[in-house]
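Colleague: Could you have a look at this structure, given as structure tokens, before my questions?
The values are calculated or read from the model by the stated rules, or taken from the named source; none is laboratory data. This structure is a prediction, so every number in the text was calculated from the model and none was measured. Don't worry about glycine lacking a Cβ; one is built from the backbone with ideal geometry, like all the others, and counts go over all protein chains shown.
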């Protein structure tokens with residue numbers, strides 16, 4: 001299967017999202033320039049096909065848009081991996097981005113958990129609130145059923161730190177979604 005489409009309409013956002021773990025088009029339009037940049041980097045570095053269209057209540061701020069896209073991407077990911085049969089399941093990756101270094105380790109376990117140790121020196125990245133990065137990854141991990149650890153080792157530019165985080169998660173997911181086994185990688189027989 002390895003594909004999913006999600007449509008979600010609330011009073012705050014109207015989202016259409018398509019995900020293919022096997023690659024494909026990358027078309028992102030969230031109305032938030034920096035977030036578009038992060039989702040594009042995520043798709044390119046994971047090797048996933050990702051199309052996202054969102055109309056959100058940006059007159060309030062970017063929170064609902066960012067969190068709701070995290071929810072939709074998480075749901076799409078959970079659907080695309082199905083019963084997780086054959087997956088490598090685990091992935092870890094370091095990404096250096098100029099002065100910043102960020103690490104991600106994850107498990108497509110069916111158990112949602114986020115450990116996020118990523119301080120941002122600047123509160124804003126352009127018009128984007130840097131505190132929304134954790135909101136995105138929390139929503140994504142909860143809805144994808146992923147145990148997700150993201151840690152910034154160091155850095156002083158919030159743009160570089162955020163971008164390294166998105167790319168580290170992307171590369172870790174690329175590793176974890178690789179088809180390597182004939183069955184589910186679990187001593188229990190299922191996840």
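Colleague: Just checking, which of 52, 44 is assigned to a strand (DSSP E or B), within 30 Å of residue 179 (Cβ to Cβ) and at pLDDT 95 or above?
Modeller: Only one candidate qualifies: 52.
Colleague: Further question on the same structure: State the number of residues belonging to region 41-52 that are surrounded by fewer than 17 Cβ atoms within 10 Å (Cβ to Cβ) and under 11 Å from the mean Cα position of the chain (by Cα).
Modeller: Looking only at that region, the number is 0.
Colleague: If I filter region 24-34 for residues that are closer than 19 Å to residue 158 by Cβ, touching a helix residue (DSSP H, G or I) at 6+ places or on another chain (Cβ under 8 Å) and free of Cβ contacts under 8 Å to residues at least 60 places away in the same chain, do I get at least one hit?
Modeller: Yes - at least one qualifying residue is present in region 24-34.
Colleague: Further, regarding this structure: In this structure, is residue 18 out of contact with any helix residue (DSSP H, G or I) (no Cβ under 7 Å at 6 or more places or on another chain) and within 17 Å of residue 140 (Cβ to Cβ)?
Modeller: yes
Colleague: Restricting to region 53-66, count the residues that are surrounded by fewer than 18 Cβ atoms within 10 Å (Cβ to Cβ), touching a helix residue (DSSP H, G or I) at 6+ places or on another chain (Cβ under 8 Å), over 13 Å from residue 15 (Cα atoms) and touching a residue at least 40 places away in the same chain (Cβ under 8 Å).
Modeller: Qualifying residue count for the region: 1.
Colleague: Taking the options 69, 32, 6, name whichever one is buried (at least 20 other Cβ atoms within 10 Å of the Cβ), in contact with a strand residue (DSSP E or B) (Cβ under 8 Å, 6 or more places away or on another chain) and more than 22 Å from residue 112 (Cβ to Cβ).
Modeller: Numbers: 69 fails: more than 22 Å from residue 112 (Cβ to Cβ); 6 fails: more than 22 Å from residue 112 (Cβ to Cβ).
The conditions single out 32.
Colleague: So residue 149 passes all but one of these: (1) surrounded by fewer than 22 Cβ atoms within 10 Å (Cβ to Cβ); (2) closer than 30 Å to residue 14 by Cβ. Which condition number does it fail?
Modeller: (2)
Colleague: Also, I was wondering about something else. Can you work out which of the residues in region 72-88 that are crowded, with 22+ Cβ neighbours inside 10 Å and touching a helix residue (DSSP H, G or I) at 6+ places or on another chain (Cβ under 6 Å) is nearest to residue 55 (Cα to Cα)?
Modeller: The extreme case among them is 73.
Colleague: Tell me, which strands (runs of 3 or more DSSP E) lie completely within region 89-132 with 2 or more residues that are buried (at least 19 other Cβ atoms within 10 Å of the Cβ) and at pLDDT below 95? Spell out the reasoning first.
Modeller: Numbers: elements: 90-97, 100-107, 113-117.
Answer list for region 89-132: none.
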